[in-house]
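**Q** Right, I'll just put the structure down here and ask away after.
The values are calculated or read from the model by the stated rules, or taken from the named source; none is laboratory data. A quick note: this is a predicted structure, and the numbers were derived from the prediction, not measured. Because the Cβ atoms are built from the backbone with ideal geometry, glycine has one as well, and the counts that use them run over all protein chains shown. Calculation scope for accessible area: heavy atoms of the full protein, side chains included, ligands and nucleic acids excluded. Shrake-Rupley method; radii C 1.70, N 1.55, O 1.52, S 1.80 Å.
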Amino acid sequence: MLAKHISLMTAFLLTASIAAGCAKEAVENEQTNKNTTAPISQPVELTIYSAGGTNNDEFEKNFGSYIKKKFPHVTLKYLSPKDGAGAANLETLITAGINIDLYYESIGTFFSTLPRNKATLDLTDRIKKSKLDLNRFDPTLIEALKQNGNGQIWGLPVTTNSLSLYYNKDIFNKFGVPYLKDGMSWDELYEVANRLNRTDGGKKYVGLAISPSHSTRMNNYSIPFVDPKTGKSTYDNEKWKQLLQPILAPAGDSLYQSKMEDLGNKLPYSSEWLKTQDLAIFGVFSDWQVVSLEPLPFDWDLAAYPTYKDQPGVGSQQYPVYWAIPSFSQNKDQAFEVLNYLVSDEYQLELSKRGSMTVLTNPEIRKAFGESSPNKNKNLEAAYFNKSAPISVKTEYDKNVEKALTDKLPDLALNKIDVNTALRKAKEEADKAIEAAKK
C-alpha cells in the first residue's frame, strides 16, 4: 500500500515537473518571439554613424527618440557625412581614432565598407546568447547577410524596402483607363501603360517609367552586377535583355520618345510624376510617398510590382539597411542591446505604423504599415503582395558596373543604340573598371 502511494506521488511530481518545464519553455519561447530587451542599467555613451547621411532630425525622429525612451541611461552621439569633413566617411573617423558603437548602411555598400576597414564583427554568438530568433525576419534579408559575410553575420537589418508601382488616378480617369491591380505581369502593365501615352490640351502624357537604378539593383531574377565566381560583370547573361524591358518597352512609343526629347533626351522620372504630373505610373521604392506628410495635389494609389510569367508571385528584391557593431567599438554589449531592441516587435511595429517597411514577417506588424501616416487609406498592402526575390550578391565594384549600363539607357530608349551593342559595350567598360579598381 505504501509502495503504491509512493508510486502515485512520484508520478504526480514527475507530471508536475514536466508541466512546469513546458510552461517555462512556453514563456521562454514567447519572450524569444517577442524579442524583449532588458534596459541598460548603467550610464553609457554610444556613438552611432550613418554612412547614408541621415540628417540629425531624421535620425532623432526615426531612431534616437525611441532608443532614448527605451534606454534612459544611454546618451547618444550621432555622426553622419553631413556633419562636415570630420565625418566624411568611416575611414576618416577610424584614422582620427573616433569610437563608433553602431554603424548603419544600405546593402549596396555595407558588405564592402566593413571588411575594407577591418571593422567586421560576427554577431552569431551574441544572437544565440540573447535567443534572438532569426526566423522572425524575412528570410532573404538573413540569407543575404550570410551569403555576403561568408557565413558570418556582420549586422542585422533594421529597415528595408521593396519596389511598388505608384500611379496617378487623375490621369487614368482623364483617359478612361481602368486602375492598376495587384498581381499584374509586366506584359499586362505595358499594355495599360501604352494606353496612357497621350496628348491632351497640348500636354504630352506618358504611361510608365521605372527607376533605372532601383529596377536593375533589385531585379526580379536576382541577377547580380558582378559574377562572384569569375569576378567579371554579368552583362553577357541573356537575362539582362529581359531586365531592361521595364525601361525600354514603354519607350517604344513615338510620343514617349518625343517626351524624352523635350526632357533633354532623359527618361521621365520623379519630377514628371510629382511636379508636372504628366507621368501616369512610376516604379520606385514602396515607402516613397507613404511617409510623406505633404499631401500630393492629385489622387494617387499604389499597386504591387509586376512579375514575370516564368516566376509568378515573385516581385523585386528587398533593399535593406543593415546595422553593425564595428570590431573596434568600446561598448559592444550595450550596442547589441540597442540593436536587439531595433529589431524587436515593439520597435518594428512603431516603424511600420509610421510608413516604413518592416524587416519582420509578423503579419500584424506588416498589416500596420502606414496606419499612422496621412496615406493610410491607400493600397499599402501592395508593398507585401509579392514574395521577395532573393537578394543578389553584392561586391565593391557594383556601382561602377551599374553605371556602365545605366549611362546607355537614354540612347537605348531613343533607339540610338541597340540592346546587344549596349550590353556588349557595357560589359567591356565594366570589366575594365573592375580591373582598374583591383589595381
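**Q** Within the accessible area of the chain, what % is carbon and sulfur when the probe is 1.4 Å and the other protein chains stay in place?
**A** Working: 10420 of 20460 Å².
Looking at the chain in its full context, I get 51 percent from C and S.
**Q** In whole angstrom, note down how far apart the Cα centers of segment 273-289 and segment 295-319 are.
**A** Each part's Cα centre sits 12 Å from the other's.
**Q** Evaluate E = 1/(1 + (r/R0)^6) for Ala88 and Thr276, where r is the Cβ-Cβ distance and R0 equals 25 Å; express this FRET efficiency to the nearest 0.05.
**A** Numbers: r = 36 Å, r/R0 = 1.42.
Efficiency, from the Cβ-Cβ distance: 0.10.
**Q** Taking the solvent-accessible surface of protein heavy atoms with a 1.4 Å probe, what is the per residue accessible area of the chain in Å²?
**A** Values: 20460 Å² over 439 residues.
Computed with neighbouring chains in place, this is 47 Å² per residue.
**Q** After finding the eigenvalues of the alpha carbon gyration tensor for segment 190-255, what semi-axes result from the square roots of 5 times each, listed largest first in whole Å?
**A** Those come to 32, 10, 9 Å.
**Q** While we're on this one: For segment 52-136, what does the equivalent ellipsoid look like in terms of its semi-axes, each the square root of 5 times an eigenvalue of the Cα gyration tensor, given largest first in whole Å?
**A** Working from the Cα gyration tensor, I get semi-axes of 23, 20, 13 Å.
**Q** Output needed for segment 256-330: three equivalent-ellipsoid semi-axes, defined as square roots of 5 times the C-alpha gyration tensor eigenvalues, in descending order, whole Å. Spell out each step's value before the answer.
**A** Values: eigenvalues 192, 80, 52 Å².
They are 31, 20, 16 Å, listed from largest to smallest.
**Q** Mind putting together the pair-distance distribution for segment 131-221? All Cα pairs, 5 Å bins, whole percent per bin, short to long.
**A** Reading the bins upward from 0: 2, 9, 17, 16, 13, 10, 9, 8, 7, 5, 3, 1, 0.
**Q** Here's another thing I want to ask about it. Quick one: how many Å² of Lys378 are accessible to a 1.4 Å probe, rounded to 10?
**A** Probe radius 1.4 Å; accessible area of Lys378 about 50 Å².
**Q** Follow-up. Over the Cα atoms of the chain, how large are the radius of gyration and the largest Cα-Cα distance (Dmax), in Å?
**A** Values for the chain (Cα only, Rg and Dmax): 25.3, 103 Å.
**Q** Between Glu371 and Lys77, what is the label-to-label distance in nm when each label sits 7 Å out along the Cα-to-Cβ direction?
**A** In this crude label model, Glu371 to Lys77 measures out at 4.0 nm.
**Q** Take the alpha carbon gyration tensor of segment 286-402, find the square roots of its eigenvalues, order them as a ≥ b ≥ c, and report rounded if a/c is under 1.5; if not, report prolate when a/b exceeds b/c, else oblate.
**A** Oblate, since a/c reaches 1.5 and b/c is not below a/b.
**Q** Can I ask one more? Using a 1.4 Å probe and ignoring any ligands, DNA or RNA, find the accessible area of Lys128 and quote it in Å² to the nearest 10.
**A** Lys128 exposes around 150 Å² with every protein chain in place.
**Q** Would you please report the Å³ per residue occupied by the convex hull of the alpha carbon atoms in segment 221-297?
**A** 143
**Q** May I pose another question? Extending each Cα 7 Å along its Cβ direction at Asn56 and Asp236, get the distance between those two points in nm, one decimal.
**A** According to this spin-label approximation, the distance is 5.2 nm.
**Q** So, one more: When the solvent-accessible surface of protein heavy atoms is calculated with a 1.4 angstrom probe, in what order do Glu261, Glu105 fall, highest first?
**A** From most exposed to least exposed: Glu261, Glu105.
**Q** When each pair of different Cα atoms in segment 100-257 is counted once in the 1/r mean, what is the Kirkwood radius in angstroms, to one decimal?
**A** Kirkwood radius, segment 100-257: 19.3 Å.
**Q** With N denoting the number of residues in segment 366-439, provide Rg(C-alpha) divided by 2.2 N^0.38 Å, to two decimal places.
**A** The reported ratio for this selection is 1.71.
**Q** Between Lys378 and Leu293, what is the label-to-label distance in nm when each label sits 7 Å out along the Cα-to-Cβ direction?
**A** 1.7
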